[in-house]
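A.B. asks: Let me give you the structure first, and then I'll get to my questions.
The values are calculated or read from the model by the stated rules, or taken from the named source; none is laboratory data. Note that the coordinates shown come from a computational prediction; the quantities given were computed from them, not determined experimentally. When we count neighbours, we look across all protein chains shown, and the Cβ atoms used for this are built from the backbone with ideal geometry, even at glycine. Heads up: the accessible areas ignore ligands, DNA and RNA and are worked out on the full protein's heavy atoms, side chains in. Shrake-Rupley method; radii C 1.70, N 1.55, O 1.52, S 1.80 Å.
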Amino acid sequence: MKTFARTLIVSALITATGLASAGPRYYGPPPHHHHHHYRGPGLGGLVVGLAVALPLIALAHQAERPAEVVYVPPPAPLPPPVVVAPAPVYAAPSRPVPVIYPRNGQSAAQTEFDQRECNRWATSQPAAMADSSVFNRAVDACMDGRGYTLR
C-alpha cells in the first residue's frame, strides 16, 4: 500500500503542476514584440498541487499506520445449571379405601392415630412409593397387627 500511495501522490503533484502551468501566463499590455513570456508554473500551480497532494498525503499516512488491536474480553462463563430433583410421587391407592373395624374396642381417635402411623410406616417399605398395591398391603398388614379388620 505504501508504494501505491506514494505513486499516487507523485502523479497527482505532477498532474496538478502541469494543469496549473498550461496555457499562456502573461496577459499584460502588449510589449513591443508580440510573444508571450513564460514565467514558470507560478503560485497557481503550487496551490493546485498542494490542494491535490495534501489529502493524498494524509490518506497515505493513514494507510501506513498499523491496524489497531482491540481486546475484547471473553464473555463471563455461564453459571452451572441448577438441577432440581423431581418431587417424589406418592402412589394413590388403586382400590377403594377399606372400611376399618376395631377388633379390640379401640376408640375413633385411636383408630385415626393408628391409621396415620400405618400410612407413614407403609411409605418406608421398599417399592411402596412406586407400586400402590405394595403400599396397600403394607397398610393392611400394619392395621391387622394393631388389632383391626379391613373390608
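A.B. asks: Report the label-to-label distance for residue 107 and residue 124 in nanometres (one decimal), using points 7 Å from each Cα along the Cα→Cβ vector.
C.D. replies: The answer from the label model is 2.6 nm.
A.B. asks: Also, quick follow-up: Long-range amide H contacts for residue 148: which residues qualify at under 5 Å (H placed 1.01 Å from N, peptide plane, sequence gap of 5 or more or a different chain)?
C.D. replies: For residue 148, whose amide H was placed from the backbone, the distant partners under 5 Å are 103.
A.B. asks: Please list 113-119, 132-138, 97-103, 70-76 highest first by mean number of surrounding beta-carbon atoms within 10 Å per residue.
C.D. replies: With the highest mean Cβ count within 10 Å placed first, the list reads 132-138, 113-119, 97-103, 70-76.
A.B. asks: How much accessible surface area, in Å² rounded to 10, belongs to the heavy atoms of residue 95 with a 1.4 Å probe?
C.D. replies: Counting only protein heavy atoms, the figure is 90 Å².
A.B. asks: Report the extension gain between residue 134 and residue 117 in nm, rounded to one decimal, defined as 0.36 nm multiplied by the number of residues separating them, less their alpha carbon distance.
C.D. replies: Full extension of this stretch gives 4.5 nm more.
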